[in-house]
Amino acid sequence: MPTNPQLRCFSGMDTMHQIDREPFKALHKLQDHPALSLANLQQVLPRLPSEQVFFSSGALKRTDDFDRAHIDQKSRFSLEESLADLQRTNAYIMVRSPEVDASFKDLFAAMKTDVEKVMQDQGLGHCALDPMLYLFIASPLSITPFHIDRYSTLLLQLQGTKKVYIYPAWDERFCSATALEDFIARSGVRPEYRSEMASFSQCFDFGPGEVLHIPFVAPHHVENGADAVSISLSIIFNTKESDLMTKALLMNKQLRRLSSVLPWQPLPIHTSPLTDSLKGQAWRFASRVKRAVKF
């Protein structure tokens, strides 16, 4: 893959123009970053606010509710015990915004700058919107259940191997239009995995030093390898386009609520670029009006 010498964290990002259209792989340069060493993580994670550390047993299934795993599948070990012996404790640890810790601040800034440089090169906008890091530490053979994300994702593998199964975004065979709108609106509805979906996924074998792009709202699930503890880091963000699509999905949900008094049902999002854009802009306008009324 070609290397962009201007990038501090990534290489082979010439395929970034495919963002939110197709999954793709690239490479990263963070394999030996001190913030991502297990020794540093063992110190950092216990001191983070508890609401940022989601800790569960690794004995999950594809069909489990990923958002509730830390509640429904609690580990019998403490966080500290699990971090001390991940081979034995069968743990799954997800950390939201580790960049609040000083050891991650410079790393986060460098990753964000890289993402924005590539976005600018590819005409995807100048700023990564709402960027955030997620950290995943999991025992061998752990499973990340089937789910979708509200952001674009670049996932970096640091230790261990995994298989990542990605399904086409916007395909109602894997997530219905109404379920997607409900999920984006945080209504408690989530997409559900069915065994007949299996043959439609694109499987990526994923190892240390590699980056994998998971498109906005593309359903996926993950299986860790048996060889070692898995450590992964992701930077999530929105582009101008995915931000507009988010707002269009929220607008569509509101229109469906009015369907009993309207003579038509709204088209699903990602059906018509023109109507998607109009819906997104309408949501932005309504949100501004709502904020203005509050003042």
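The values are calculated or read from the model by the stated rules, or taken from the named source; none is laboratory data. Predicted model, so just to flag it, every value in this text is computed and none were measured. Glycine gets a Cβ as well: all are built from the backbone with ideal geometry, and neighbour counts include every protein chain shown.
Brief remarks on what is shown
- Only one of Arg76, Arg62, Arg47, Arg21 that is of a type outside the set (Asp, Glu), over 17 Å from the mean Cα position of the chain (by Cα) and modelled with pLDDT of 80 or more: Arg47
- Test for Ser152: is it surrounded by fewer than 21 Cβ atoms within 10 Å (Cβ to Cβ), within 30 Å of Pro266 (Cα to Cα) and among the hydroxyl-bearing types (Ser, Thr, Tyr): no
- In the set Phe216, Phe204, only one residue is buried (at least 22 other Cβ atoms within 10 Å of the Cβ), aromatic (Phe, Trp, Tyr), in the same structural domain as Lys105 (by TED's automatic domain parsing) and in contact (Cβ under 8 Å) with a residue 12 or more places away in the chain; that residue is Phe216.
- Per the listing Pro191, Pro140, Pro168, the residue uniquely assigned to a loop (DSSP other than H, G, I, E, B), surrounded by fewer than 22 Cβ atoms within 10 Å (Cβ to Cβ), in contact (Cβ under 8 Å) with a residue 24 or more places away in the chain and more than 18 Å from the chain's Cα centre (by Cα) is Pro140.
- Summed over the stretch 220-234, the residues that are farther than 19 Å from Cys175 by Cα and either small (Gly, Ala, Ser) or touching an Asp or Glu at 6+ places or on another chain (Cβ under 9 Å) (or both) give a count of 6.
- If you check Arg194, Arg257, Arg186, Arg190 for being at pLDDT below 95, at positive phi and of a type outside the set (S, T, N, Q), only one passes: Arg186.
- Residue satisfying all of: in the stretch 258-272; β-branched (Val, Ile, Thr) and free of Cβ contacts under 8 Å to residues at least 12 places away in the same chain; nearest to Asp171 (Cα to Cα) among these: Thr271
- When each of Met111, Met16 is tested for being crowded, with 20+ Cβ neighbours inside 10 Å, under 18 Å from the mean Cα position of the chain (by Cα), under 27 Å from His220 (Cα atoms) and modelled with pLDDT under 80, the lone residue that passes is Met16.
- Scanning the stretch 92-128 for residues that are farther than 15 Å from Cys9 by Cα and hydrophobic (A, V, I, L, M, F, W, C) yields Ile93, Met94, Val95, Val100, Ala102, Leu124, Cys127, Ala128.
- Given (1) in contact (Cβ under 8 Å) with a residue 60 or more places away in the chain; (2) in a loop (DSSP other than H, G, I, E, B), index of the condition Cys175 fails: (1)
- Failed criterion for Asp171 (all others in (1) touching a Pro at 6+ places or on another chain (Cβ under 9 Å); (2) among the acidic types (Asp, Glu); (3) at pLDDT below 95 hold): (3)
- The residues in the stretch 197-214 that are of a type in the set (A, V, I, L, M) and at pLDDT below 95 can be counted, and the count is 2.
- The residue pairs whose first member lies in the stretch 30-59 and is in contact (Cβ under 8 Å) with a residue 40 or more places away in the chain and assigned to a helix (DSSP H, G or I), whose second member is of a type in the set (Asp, Glu) and surrounded by 15 or more Cβ atoms within 10 Å (Cβ to Cβ), and whose beta carbons are closer than 6 Å, counting only pairs six or more residues apart or on different chains, are Val44/Asp101.
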